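Peer 1: This structure is in C-alpha cells; I'll ask about it shortly.
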Amino acid sequence: MQRARRLASSMIDRVVHDDEAQTLSVRFRNGRNYVYETVPRATYDALVSAPSAGAFFNDAVRGHFPCRRASKRYAP
C-alpha cells in the first residue's frame, strides 16, 4: 500500500511511502526528487505528523537511509 501526503513545509512538498517496498519518495520544494530505501512506516508516520517536517527529515531521514535521486517521472 502506498501512502501519500502533501506537507505544509517550506522544504518538502510531498512524500509517498510504499509499505511493501519500504521506500520513502520525497519531492522537495526546489524540484528535486529522492527515494530513500528501507524506511519503516513508523518513520513516515512521524514525518507527516512532526511539528516541523524539515527538521524531522534532517534529524531522522537524511543520512540515515540509502537514497538515490529520482527522475521527475518516478517522483511522487
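Peer 1: Going through 71, 49 one at a time, which residue ends up being among the small types (Gly, Ala, Ser), in contact (Cβ under 8 Å) with a residue 12 or more places away in the chain and surrounded by fewer than 20 Cβ atoms within 10 Å (Cβ to Cβ)?
Peer 2: 71
Peer 1: Let me ask you something else. Output the residues belonging to segment 1-39 that are touching a Cys at 6+ places or on another chain (Cβ under 8 Å) and among the acidic types (Asp, Glu).
Peer 2: 37
Peer 1: Just give me the residues in segment 52-68 being small (Gly, Ala, Ser) and either open to solvent by 40 Å² or more (accessible area, probe 1.4 Å) or under 20 Å from residue 31 (Cα atoms) (or both), in sequence order.
Peer 2: Listed by number, the residues that qualify are 52, 53, 54, 55, 63.
Peer 1: Taking segment 1-41 as the search range and keeping residues that are among the aliphatic types (A, V, I, L, M) and in a loop (DSSP other than H, G, I, E, B), which one is least open to solvent (accessible area, probe 1.4 Å)?
Peer 2: Residue satisfying both the conditions and the ranking: 39.
The values are calculated or read from the model by the stated rules, or taken from the named source; none is laboratory data. Everything quoted here is computed from the prediction, not taken from an experiment. We place every Cβ from the backbone using ideal geometry, glycine too, and count neighbours over all the protein chains shown. SASA here: full protein model, heavy atoms, side chains in, ligands and nucleic acids out. Shrake-Rupley method; radii C 1.70, N 1.55, O 1.52, S 1.80 Å.
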